[in-house]
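Quick one: the structure is below, and I'll ask about it shortly.
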Amino acid sequence: MAEPYGIRFSENKYATKEDVKAVFNMNNVDYIWDDVVDYRKKFAKTLELPSIDHTKFNLVFTLDIQNRLLAFERKLNSIYASYLRLSPEGQIAFEMERSLKVISSVSASVGYEGSQNLLIQIIHNTISAVPSNLLVVDNYCRAMRYIDQNADSELTVEEIQKMYDILGSGKPNLESSELTYRKENSEEPHYYQSAYIYKSALTDRIEPMMKDVVAFMNDDNQYASVRAIAALFYLDYIQPYDFMRETITTLVFKDCLEKIGFTKIANLLNVESLLLFEDKKFFEVKQMVQKTMDLTYYFDYVLKFLADELIDLKDDVTNAKSTAAHASENNIVLAKTEEAMIEEKKEEDEKIISEVRKEEPINQIPTAEQL
């Protein structure tokens, strides 16, 4: 029996209507697409994330999408537990390796092609003078440290503003609670035009949409992964600030996961390599979401990326464990070698002393006769 179209083009692959046309080499696939839409309606859920035109986005929780969401959270939990079980030396090695990958992505996005030594100093916060071409990278590191240090604080629009301040100046503005959202529209308003693709949110929509996404990220009734991935899309969709669109978006993704409970490990996910180097396919996926109001296309793409990222993350935990164990063995060998050398030195000294005593004349007390 032939597989139903709904399953074939939703579970096996989350296809677009154009994908279906290509499969059958037909211009009119309405009767097939109707079956696909009917199938997806069974799993569709409206999210409390309004579009620029006030229409809410949907996410289709197909069996495949649900399994991948749960797999992401389960594997991230497992890796986090493995990280916590590492020795202090192992944790340091793991954090350094992962931080370097993240910061290398950020530095590459600004055209830096220099030595990694400078990046390592920036990560350790030991650099005395930051070159002008690495100020963005240094500020990004500062923002990541801010996320780690404030993992227990509430996720608010004010906290997002502080992260944006750090990206610009290296520190949060503690003297002002002003939200410095973008004041200029990227284009003229085009409200309620069907399938219209916006460049960014209109200025009068930024503040309410930011409140909506913060409320969504704090919603404990949602999967952790749904909250973080939806925020990744939504911040990029809104573009609330004038500058550093991608970097504030990746930071919010990390902050969301950290506050849900993935402290430290969320910062080490290299989602920067996805957003800071957007390829054509990813761009097309984001456009499809705006055309259809279906976030599932975005989730499908990002979950594939995150699955590969978790493999890399797990490998780095394993390598860090091996590196720490090897270093420990070397220290033990070194300690044993040093002990053996000391013992050998003692034996040599005792032998020399013994030989010297044999060769020394014995001073005897003279007897009465000898006197």
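Bear in mind that the values in this text are calculations on the coordinates, not laboratory data. Please read all numbers here as calculations on a predicted model, not as lab measurements. Note that each Cβ is placed from the backbone with ideal geometry, even for glycine, and that neighbours are counted across all protein chains shown.
Of the candidates ASN28, ASN319, ASN173, which one comes out as most mobile in a Gaussian network treatment of the chain with C-alpha springs shorter than 10 Å?
Among ASN28, ASN319, ASN173, the largest GNM mean-square fluctuation belongs to ASN28.
Taking Cα atoms, how many degrees apart are the long axis of helix 203-217 and the longest axis of the chain, rounded to 10 and kept between 0 and 90?
60 degrees
Students often forget the sequence filter, so: which lysines lie under 21 Å Cα-Cα from LYS21 once same-chain residues fewer than 8 apart are removed?
LYS13, LYS41, LYS280, LYS281, LYS286, LYS291
Only Cα pairs within less than 10 Å get springs; with that Gaussian network setup on the chain, which residue of GLY170, GLY114, GLY90 has the largest fluctuation?
GLY114
Would you grab the residues whose amide H sits under 5 Å from the one on ASP242? Only those 5+ places off in sequence or on another chain, please, with H modelled 1.01 Å from N.
ARG182
Considering all alpha-carbon pairs of region 96-299, what whole percent are spaced by more than 21 angstrom?
On the way: 11101 of 20706 pairs.
Value for region 96-299: 54 percent of Cα pairs lie more than 21 Å apart.
Then there's this: Taking trypsin sites (Lys or Arg not before Pro) that fall in a DSSP loop and have at most 16 other Cβ atoms within 10 Å as cut points, what is the longest piece of the chain between them? Each step should come with its number before you reach the end.
Working: sites that count: LYS13, LYS42, LYS183, LYS199.
The longest such stretch corresponds to 200-371.
If the cut-off is a Cα-Cα distance under 22 Å, which lysines reach LYS321, setting aside same-chain residues fewer than 8 apart in sequence?
LYS75, LYS101, LYS264
Normalising by the residue count of the chain, find the relative contact order in percent from Cα pairs under 8 Å and 6+ residues apart. Show your work: numbers first, answer last.
On the way: 368 pairs, mean separation 78.7, N = 371.
Worked out over the chain, it gives 21 percent.
I want to verify a result. In a Gaussian network model of the chain, Cα cutoff 10 Å, which of these has the top mean-square fluctuation: ASN58, ASN27, ASN150?
ASN27
Run the quick spin-label model on ARG74 and GLU178: label points 7 Å from Cα toward the beta carbon, then report their separation in nm to one decimal.
For the pair ARG74/GLU178, the computed spacing is 5.0 nm.
Would you mind checking the tilt of helix 88-109 against the longest principal axis of the Cα atoms of the chain, expressed as 0 to 90 degrees and rounded to 10?
Between helix and principal axis, roughly 50 degrees.
I'd like the Karplus ³J(HN,Hα) series for region 243-255: coefficients 6.51, -1.76, 1.60, θ = phi - 60°, whole numbers in Hz, and an x wherever there's a Gly or Pro.
Along region 243-255, the couplings run 10, 6, 4, 6, 5, 5, 5, 5, 5, 5, 4, 5, 4 Hz.
Tell me which GluC sites (Glu not before Pro) from region 71-122 have a DSSP coil assignment and no more than 16 other beta carbons within 10 Å of their own.
Hits after loop and neighbour filter: GLU113.
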